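See structure below.
The values are calculated or read from the model by the stated rules, or taken from the named source; none is laboratory data. All values derive from a computational prediction rather than experimental measurement. Note that each Cβ is placed from the backbone with ideal geometry, even for glycine, and that neighbours are counted across all protein chains shown. With ligands, DNA and RNA removed, areas are computed over all heavy atoms of the protein, side chains included. Shrake-Rupley method; radii C 1.70, N 1.55, O 1.52, S 1.80 Å.
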Amino acid sequence: MASFLDALRVQRWDDHRYYHHNRINQSLHVVSAISFLVAYALAFKDPATAALIGWLVAMTSRQAGHLFFEPKGYDHINDATHEHKEEIKVGYNLQRKVVLLAIWALSPLPLYFDPSLFGLISPHQTTADLIRNVGWIWLWLAVAGLLFRMVQLFVQRDVQTGLVWVAKILTDPFHDIKLYHKAPLALLHGELVEEQEPHERGA
């Protein structure tokens, strides 16, 4: 268990120091984290609506922070190029995220050709039904994306790395609130980039 928790701490710290310098990105992660927690709570009662919140609010705000605000140049704090960080990224790096988001955007398209999605869901009768069916598709996509990368890590690295990454992803909303809850205030005070010492290590 100690080894698992140590690996989780390392994955979390590497994710923070490599990909979360910008205060706008951090603030959007707070919005994302709160939205994910709402989705988590709603998932037990209404999974389809939870998936809609997860993708439309939580994921879009989270990935917008990475795509538009996080620096892509040389990282002097960590002495690393953007290409190096992308190569060693355990989970979904920016390239993989773009692919995943493209699949997400296109995933409702099959409903146009077959509203029953090959017999997997009840065909929609109203616009509300259609939105809920899209929610179900996005829920399955979220599960598939999580399992796909986990199995990839099993093969590319080892079983523990894959399991630790899944644990990190599922608990990120809680950790992000703890880590970045002060970011909006710092942003209001004019701090666009978090001040860090070179090669600073987490506790």
Compute for region 20-86: radius of gyration divided by Kirkwood radius, i.e. Rg/Rh, restricted to C-alpha atoms, rounded to two decimals. 1.14
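Relative contact order of region 31-164: what whole-number percent is it, with Cα pairs under 8 angstrom and at least 6 residues apart?
Over region 31-164, the number comes to 24 percent.
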Enter the Cα centre distance for the pair region 163-178 and region 108-127, rounded to the nearest angstrom. 33
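In cubic angstrom, how much convex hull volume per residue do the alpha carbon atoms of the chain span? Kindly include the intermediate steps, with their values, before the conclusion.
Numbers: hull volume 29.3 nm³, N = 203.
That works out to 145 Å³ per residue.
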Could you tell me the accessible area of residue 81 in Å² (1.4 Å probe, neighbours in place), rounded to the nearest ten? 50
Dipole in debye (nearest 20) - the chain, about Cα centre, beta carbon charges: Lys, Arg +1; Asp, Glu -1: 400
As an exercise, identify the trypsin sites (Lys or Arg not before Pro) in region 19-89 lying in DSSP coil whose Cβ has no more than 16 other Cβ atoms within 10 Å. 45, 72
Would you rank 15, 6 by solvent-accessible area, highest first, keeping every protein chain in place and using a 1.4 Å probe? 6, 15
In degrees rounded to 10, the 0-90 angle between helix 23-43 Cα long axis and the longest Cα principal axis of the chain is 40
If one compares the long axis through the Cα atoms of helix 94-106 with the longest principal axis of the Cα atoms of the chain, the angle in degrees, nearest 10, works out at 20
Can you tell me which of 127-135, 101-109, 163-171 comes out highest on packing, and rank the rest after it, using the mean Cβ neighbours within 10 Å? 163-171, 127-135, 101-109
Residue 88: accessible area at probe 1.4 Å, nearest 10 Å²? 60
